[in-house]
Amino acid sequence: MATAPRDYYKTLGVPRTASADDIKKAFRRLARQYHPDLHTGAKKAEMEKKFKELNEAQEVLSDPDKRKKYDQYGTDWEQAQNFNNARQQAWTRGASGPWGFNQDSRSQGGGGSEHFSDFFESLFGNRGRRTGERDDLGTPGEDLETDVQLALREVLTGVTKRVTLREPQTCSTCVGSGSLRGRPCTTCHGSGTTTQHKTIEVRIPAGVQDGTRVRVAGKGQPGAYGGKRGDLYLHVSILSDPIFRRQGSDLHATLPVYPWEAALGAEVTAPTLTEPVKVKVPAGSKADSRLRLKGKGLPAATGGYGDLFLALQIVMPTVVSEEDRVLYERLSKQRHPDPRTDLLDTARRR
Ligand SMILES: [Zn+2]
């Protein structure tokens, strides 16, 4: 490994006189702090480096024989190289090395991650295998965030959505160290983690607002060393609806009516988020007057449901029959105030 020799004691933050137990404790504490799974972005790369250094220091100092050699040779590079070579020979001598693997002898020594892996597992268990035992030591997993789009109808009832998450997982080849015998792990390209796609079902409660963050407890990233999982946050956006406009828990829509329905009153069929309903247009309804359908809105935060407001839109029949024309003529002979009075007044005052 073409890196400068390091002071393994400094890396672990222990004195040269540290006991095996001190070293083990220091390593455990720092491994928890540096583990690349627990970091993102630029910090992750930094932590990967530190984690590898830690890993290397631990591997040497936790082995009484290696520690003795290290103490003897100091950090002199030549000696360290010899030491590495010697160790590598020890590794490759048997059909299966002392740590239960069988690698080709061209590998460069010095990484020591396999040994670390075993140590890691014996200390912390492999990802939840010993969770019960390690609850007090665990580091909670990071929270995940994802977007979810809902139709207005789904807001009414609440909905179960399938959400696909990209979840980083500790690389199973190198058990998170990023290297195998001093070479970058080919499975994870040295990052120590791989990405898995995971689909889960989450329940979105009824009445959710656009832009809400819904927390799904325990569906974030797995914790390390038995720590509990992070949470999943869903950013909810509500798709625009071709009929209904939402205002809090109330809904608004336009209801077309003929002039005689508005004038004489009528029972018409109006849409709701679920089934169409019969509504009464009162006699003498004006253009733009609103009908209120109580409880036909969305679930309200305060309990119950909002209302559905239907704004009347007076429309003309598209086809005018001879009989219609006669009736219009009769209407036109009636005295009505000029419907443009207000418009003309406003235009004058401009
Ligand atoms: Zn790997």
Name the pairs whose Cβ atoms lie under 6 Å apart, with the first residue in segment 174-198 and open to solvent by 20 Å² or more (accessible area, probe 1.4 Å), the second among the hydroxyl-bearing types (Ser, Thr, Tyr) and near the ligand (Cβ under 7 Å from one of its atoms), and 6 or more positions between them or separate chains?
187/173
If we keep only residues of segment 214-246 that are open to solvent by 60 Å² or more (accessible area, probe 1.4 Å) and free of Cβ contacts under 8 Å to residues at least 24 places away in the same chain, then the residue farthest from residue 313 (Cα to Cα) is 217
When only residues in segment 302-321 that are under 29 Å from residue 249 (Cβ atoms) and without any contact (Cβ under 8 Å) to a residue 24 or more places away in the chain count, which is most open to solvent (accessible area, probe 1.4 Å)?
302
Restricted to segment 174-195, and to residues that are hydrophobic (A, V, I, L, M, F, W, C) and more than 7 Å from the ligand (Cβ to nearest atom), which residue is farthest from the chain's Cα centre (by Cα)?
180
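Test residue 223 against the stated conditions and say whether it is in contact with a Leu (Cβ under 7 Å, 6 or more places away or on another chain) and more than 16 Å from the ligand (Cβ to nearest atom).
Criteria not met by residue 223.
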Is it true that residue 167 is outside the structural domain of residue 57 (by TED's automatic domain parsing) and modelled with pLDDT of 90 or more?
no
Filter result for residue 324 (open to solvent by 40 Å² or more (accessible area, probe 1.4 Å) and closer than 30 Å to residue 199 by Cβ)
no
Flag for residue 251 being without any contact (Cβ under 8 Å) to a residue 40 or more places away in the chain and either of a type in the set (A, V, I, L, M) or assigned by TED's automatic domain parsing to the domain that holds residue 211 (or both):
no
Is it the case that segment 291-301 has a residue that's over 25 Å from residue 205 (Cα atoms) and open to solvent by 60 Å² or more (accessible area, probe 1.4 Å)?
yes
Among the numbered criteria (1) under 30 Å from residue 158 (Cα atoms); (2) out of contact with any Pro (no Cβ under 9 Å at 6 or more places or on another chain), which single criterion is violated by residue 284?
(1)
When residues of segment 160-173 are limited to those that are touching a Ser or Thr at 6+ places or on another chain (Cβ under 6 Å) and near the ligand (Cβ under 8 Å from one of its atoms), the one most open to solvent (accessible area, probe 1.4 Å):
173
For segment 1-66, which fully contained helices (runs of 4 or more DSSP H) count at least 2 residues that are without any contact (Cβ under 8 Å) to a residue 12 or more places away in the chain, surrounded by fewer than 17 Cβ atoms within 10 Å (Cβ to Cβ) and not small (Gly, Ala, Ser)?
20-34, 41-61
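The values are calculated or read from the model by the stated rules, or taken from the named source; none is laboratory data. Please read these numbers as outputs of a predicted model, since none were measured by experiment. Because the Cβ atoms are built from the backbone with ideal geometry, glycine has one as well, and the counts that use them run over all protein chains shown. Areas reflect the complete protein model, heavy atoms only, side chains present, ligands, DNA and RNA absent. Shrake-Rupley method; radii C 1.70, N 1.55, O 1.52, S 1.80 Å.
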